[in-house]
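For reference, the structure discussed in these notes is given below.
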Amino acid sequence: MSVRLLLLLVFSLEVFRCELSKEKAGSAINAAKTLVWGPGLEADIVLPARFFYIQTVDSSGERLTTSPGEKTFEVKIVSPTEQFTRIWIQVLDRRDGSFLVRYRMYATYTDLHIHVLLKGKHVAKSPYILKGPVYHEGCDCPQPSGSVWEKNMHCPESFAQITRDLSLHPSVDPDQNAQEIPKRFGQRQSLCHYTIKENKVYVKTFGEHVGFRIFMDAILLSLTRKVRIPDVEFFVNLGDWPLEKRKPTDKLHPIFSWCGSNNTRDIVMPTYDLTESVLETMGRVSLDMMSVQANTGPPWPEKNATAFWRGRDSRQERLQLVKLSRAHPDFIDAAFTNFFFFKHDESLYGPLVKHVSFFDFFKYKYQINIDGTVAAYRLPYLLAGDSVVLKQDSGYYEHFYNELRPWEHYIPIKANLGDLLEKIQWARDHDEEARKIALAGQQLARSHLMGDSIFCYYYKLFKEYARLQITEPKVRKGMELVEQPTDDLFPCSCDRRMEKDEL
Ligand SMILES: *[C@@H]1O[C@H](CO)[C@@H](O)[C@H](O)[C@H]1NC(C)=O
Ligand SMILES: *[C@@H]1O[C@H](CO)[C@@H](O)[C@H](O)[C@H]1NC(C)=O
């Protein structure tokens, strides 16, 4: 038999097998009762990658809790007025009976028809018709009314962290801050001074290390393409550590930072890492809050009951963790993939190990989250998996930690790791409870840390902050315009009018 014929035969067998498993899965699912929902079914929710969910339901109305097969559903998106639609679609199997569908549009369409099909038949209320224009991420077409945009996006009324951060600033004076903040922080730090005026972004940088500015520029440009932001002037700290160390009773300077701490008073934003992963979903980054949901490893009972950690040596406690792992390999598998901050003593900390794909972390039940330079920015992704997180108590926090409760979303461990072994033992002895905590953490990540929430957070922050200004925000001397990218292959024609009742 020729190789080609053999390959053909193998291939046909594969197809046959797929069809069989599809058949089996399909028969358990009720297409009409299956649930489909999410922001990606609404024309007005413009995101870099739009997304919606499918929850499989059987004919008795029960939700499936295991995967009916990765290829169960087919999703097609077409625009009736276009011959070709330039849309990249992925159906991600979350293996818990639900699917996450995401798509990235490279052009703007007048109408979109989203077909969700089970063995060629429409599911739930499919086809979903999005009356356009349905704008793509690159389209510079801000909604003129912020309140309409917030309503369209279903943004929450408030974010507790924003309320808390801004409560320290009864008012802010852009004129005064423009004088004082560069004097106080401009020399040593990497600082950016931004003004948004008439929805255009202007910036002046201070300090040598301002490369991370790209993340802030990118989110501001993306946001101003979607919604008109009130005129606002503010300072962003591009460094790791929060800066404002004064007591609340002293005069505080408002500084926006990616990380907050118990000893500082900076205003926190989503981390640059999470921000970039939202902007670059289905683009440059491979680890984002959606891809992680499709890569959570084996089901809970099959996960390895060793606690897992990989990373670099950016803090003393990390050295301790690896030492602890070497003393108790039956409890902890922790190793360094990189040495940078401390002198590498191989006799104490073992050889460097090869980098492990983040998705492989979820072969293990217990994930250790331990501070690096500041908060470990991997926490959103760890929570989104279906392992349970053991989180070190820490003075550092991100924009969403306010929503996290110990024993509900994660298992707390002491800052000095003194009770880590004990807590792992607890989790082993209370498997059901540990699993419940894992799922609650996952739920929090799924509902609070997706792209729509991140855009809402940024918008709300700038809006609330803008309200506190007692002098007019200005484009200051030395500021440059941050231009919208012009290399978009498919320009859009923006068609938004201010409705009378929105003024
Ligand atoms: C669980 O993981 C540990 C550490 O990585 C490893 O030594 C052990 O062999 C694994 N156990 C099983 C059952 O795979
Ligand atoms: C930081 O503050 C939080 C909230 O008040 C607290 O739970 C935590 O123990 C503090 N951690 C450290 C290390 O100071």
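May I ask you to list the residues in region 225-237 that are more than 19 Å from the chain's Cα centre (by Cα) and either within 18 Å of Ser453 (Cβ to Cβ) or surrounded by 20 or more Cβ atoms within 10 Å (Cβ to Cβ) (or both)?
Taking region 225-237 as the starting set, the residues that turn out to be more than 19 Å from the chain's Cα centre (by Cα) are 225, 227-237.
Matches in region 225-237: Arg225, Val227, Ile229, Val232, Glu233, Phe234, Phe235, Val236, Asn237.
Only one of these is part of a loop (DSSP other than H, G, I, E, B), in contact (Cβ under 8 Å) with a residue 24 or more places away in the chain, in contact with a strand residue (DSSP E or B) (Cβ under 9 Å, 6 or more places away or on another chain) and in the same structural domain as Arg164 (by TED's automatic domain parsing): Gly297, Gly283, Gly239. Name it. Break it down into steps so the answer makes sense when it comes.
Details: Gly297 fails: in the same structural domain as Arg164 (by TED's automatic domain parsing); Gly283 fails: in the same structural domain as Arg164 (by TED's automatic domain parsing).
Going through Gly297, Gly283, Gly239 in turn, just one is part of a loop (DSSP other than H, G, I, E, B), in contact (Cβ under 8 Å) with a residue 24 or more places away in the chain, in contact with a strand residue (DSSP E or B) (Cβ under 9 Å, 6 or more places away or on another chain) and in the same structural domain as Arg164 (by TED's automatic domain parsing): Gly239.
So which residues in region 194-236 are in a loop (DSSP other than H, G, I, E, B) and not β-branched (Val, Ile, Thr)? Steps first, answer last, please.
Step one: list which residues in region 194-236 are in a loop (DSSP other than H, G, I, E, B), which gives 198-199, 207-212, 228-231.
Matches in region 194-236: Glu198, Asn199, Gly207, Glu208, His209, Gly211, Phe212, Arg228, Pro230, Asp231.
With the structure loaded, tell me whether Lys119 is over 23 Å from Met282 (Cα atoms) and not assigned by TED's automatic domain parsing to the domain that holds Thr486 or whether it fails that test. I'd like the intermediate steps shown before the answer.
Details: over 23 Å from Met282 (Cα atoms): yes; not assigned by TED's automatic domain parsing to the domain that holds Thr486: yes.
Answer is yes for this residue.
Any residue that is surrounded by fewer than 22 Cβ atoms within 10 Å (Cβ to Cβ), under 26 Å from Ala334 (Cα atoms) and within 16 Å of ligand 1 (Cβ to nearest atom) - is there at least one of those in region 279-298?
yes
Report, by residue number, each residue of region 69-92 that is at pLDDT 95 or above, over 30 Å from Thr224 (Cα atoms) and either polar (S, T, N, Q) or buried (at least 19 other Cβ atoms within 10 Å of the Cβ) (or both).
If the condition is that a residue be at pLDDT 95 or above, over 30 Å from Thr224 (Cα atoms) and either polar (S, T, N, Q) or buried (at least 19 other Cβ atoms within 10 Å of the Cβ) (or both), then Thr72, Phe73, Val75 are the ones that fit.
Scan region 433-455 and report the pairs whose first residue is among the basic types (Lys, Arg) and whose second residue is surrounded by 21 or more Cβ atoms within 10 Å (Cβ to Cβ), with Cβ atoms within less than 8 Å and a gap of 6+ or a chain change.
So the pair list comes out as Arg435/Val388; Arg446/Gln293; Arg446/Ala384.
Between a residue in region 182-193 that is among the aliphatic types (A, V, I, L, M) and any residue that is buried (at least 17 other Cβ atoms within 10 Å of the Cβ) and in a helix (DSSP H, G or I), which pairs come within a Cβ distance under 9 Å, given they are 6 or more apart or on different chains?
Leu191/Ile181; Leu191/Pro182; Leu191/Phe185
Pairs please, first residue from region 300-328 and among the polar types (S, T, N, Q), second anywhere and more than 12 Å from ligand 1 (Cβ to nearest atom), Cβ atoms under 6 Å, 6+ apart in sequence or on different chains.
Short answer, once both residue conditions are applied: Ser314/Phe341; Ser314/Gly372; Ser314/Thr373; Gln320/Leu417.
Could you tell me which residue of region 354-381 is surrounded by the fewest Cβ atoms within 10 Å (Cβ to Cβ), considering only residues that are closer than 18 Å to Arg315 by Cα and away from ligand 2 (no atom under 16 Å from the Cβ)? Break it down stepwise before answering.
Step one: of region 354-381, the residues closer than 18 Å to Arg315 by Cα are 367-379.
Subsequent filtering for residues that are away from ligand 2 (no atom under 16 Å from the Cβ) retains 367-368, 377-378.
Working: Gln367: 25, Ile368: 30, Tyr377: 18, Arg378: 21.
Across region 354-381, the extreme among qualifying residues is Tyr377.
Go through region 409-441 and report how many residues are buried (at least 19 other Cβ atoms within 10 Å of the Cβ) and more than 16 Å from ligand 2 (Cβ to nearest atom).
Selection size over region 409-441: 6.
The values are calculated or read from the model by the stated rules, or taken from the named source; none is laboratory data. It should be emphasised that the depicted structure is a prediction, and the values quoted were computed from it without experimental measurement. Reconstructed Cβ throughout: ideal geometry from the backbone, glycine too, with neighbour counts over all protein chains shown.
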